[in-house]
Structures are given as C-alpha cells and as structure tokens.
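Bear in mind that the values in this text are calculations on the coordinates, not laboratory data. Just so you know, these numbers come straight off a predicted model, no measurement behind them. Neighbour counts run over all protein chains shown; Cβ positions are idealised from the backbone, glycine included.
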Amino acid sequence: MTDINFYHLTARPLEWALPKLLERTLAAGKRAVVMAGSEERVSALNAHLWTYEERAWLPHGAADDGHAAAQPIWLTVLPENPNNATFLFLTDGARHDMVADFERVFELFDGRDDIAVSAARDRWKIYKETGHNLSYWRQDENGRWEKAG
C-alpha cells in the first residue's frame, strides 16, 4: 500500500514547508506532482518555487509551461500524473482518487483552519479503511517536523 504522510502546518505556511519537502524529494531522486486547490494557487506556487530562497532552485512546471513529462515537479489542479511521479503532494484539500498509484503521498493542511483540520481527519479515516500506511507529522514552534503518534 501507499505511504500517506499528513503534515500539519501550524508554525509555518505551505509556502515555506512545501519547497523544503520538494528539495528532499529531488535529493532522493524522486519526481513529484503537487496538486493545489485552484489555478490561482498553482500560479502562485509556480512563481514562488523560483524565488523562495535566494540560492535555491527547484525545477518545476505547470500547464502554462508545458513539457509535463520533462518536469521533475509538476503543479496542477487536476488529478493527473503526466511526469510519471512517484510522490504526490496534496494541498488546499485537493483530492486525487488514484493515491494507490503513488509510492508516497503528502497531505499538507493548515492547522489554523478548523475546516482543513476536520477534512484531514476525514481523509485519514478513509485512507486507514483502505489499508494505506499512515503517519502524522506536525511542526514544532520553529517549523521543524516532528513525527507524532
């Protein structure tokens, strides 16, 4: 079954956490699909990943950029995998019906949003019922990840 990791954002926002996780993904030799909740969010993340740190660079693209198969990181609102990724990042409550097709799924949710927390709990239950391997990570006060449970 797929390893599904829930990342509870409490100290730092998605714009800080996502690039760090994507850096680790590429360092591990993996490809990723990042699914966002809206086209506006995809555009914002697309721009942010070029500028999130002065000396950092994450090769990525989205539909407006084209060449999906060549992109190590693909940003989308669609439940797709055009770059043959093994890692899936779900943000903004986005859902992908084919999580079992990925080696690892990252569910990132805003811990300051009660609706997002409730939706994450619901997804946890569904994934558990379908037999996926689940883990839960939360940020400490500095934004570092701590495995809970």
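The magnitude of the dipole of the chain, with charges of +1 and -1 set on the Cβ of Lys/Arg and Asp/Glu and taken from the Cα centre, is near 480 debye.
Along region 116-133 the Karplus relation, 6.51 cos²θ - 1.76 cosθ + 1.60 evaluated at θ = phi - 60°, assigns HN-Hα couplings of 5, 5, 4, 5, 5, 4, 5, 5, 4, 4, 5, 4, 5, 4, 8, x, 6, 7 Hz to successive residues, with x for each Gly and Pro. Of all lysines in the structure, those lying under 17 Å Cα to Cα from LYS147, and not within fewer than 8 positions of it along the same chain, are LYS20. Comparing VAL77, VAL117, VAL34 in a Gaussian network model of the chain, where Cα atoms under 10 Å apart are tied by springs, the biggest mean-square fluctuation is seen for VAL117. With a ≥ b ≥ c the root eigenvalues of the C-alpha gyration tensor of region 28-86, is it rounded (a/c under 1.5), prolate (a/b larger than b/c) or oblate? It is oblate, given that a/c is not under 1.5 and a/b is not larger than b/c.
Near PHE89, the amide H atoms lying under 5 Å from its own belong to VAL33, VAL34, MET35, PHE106; only residues 5 or more places off or on other chains count, and H is placed 1.01 Å from N.
Here's how it looks for LEU134: its modeled amide H is under 5 Å from those of ILE4, which are all 5 or more places away or on a different chain. Close amide H pairs (under 5 Å, H built 1.01 Å from N) link VAL77 with ALA36, residues at least 5 positions away or on another chain. GNM on the chain, alpha-carbon springs under 10 angstrom: the most fluctuating residue among GLU54, GLU23, GLU107 is GLU54.
Taking a ≥ b ≥ c as the square roots of the eigenvalues of the alpha-carbon gyration tensor, region 95-149 is classed prolate because a/c is 1.5 or more and a/b outweighs b/c. Computed from backbone phi with θ = phi - 60° and the Karplus coefficients 6.51, -1.76 and 1.60, the 3J(HN,Hα) list for region 3-20 is 7, 10, 10, 8, 10, 8, 7, 10, 9, 10, x, 3, 4, 8, 6, 4, x, 5 Hz; x is used for glycine and proline.
Projecting the Cα atoms of HIS8, GLY66, LEU49 onto the dipole axis of the chain, where Lys and Arg carry +1 and Asp and Glu carry -1 at the beta carbon, places HIS8 farthest toward the positive end. Across region 38-48, coupling constants 3J(HN,Hα) worked out from phi with the 6.51/-1.76/1.60 Karplus curve, θ = phi - 60°, read 7, 4, 4, 5, 4, 4, 5, 5, 4, 5, 5 Hz, and Gly and Pro carry x. When the chain is treated as a GNM with alpha-carbon contacts under 10 Å, the residue of ASN46, ASN84, ASN133 showing the greatest mean-square fluctuation is ASN133.
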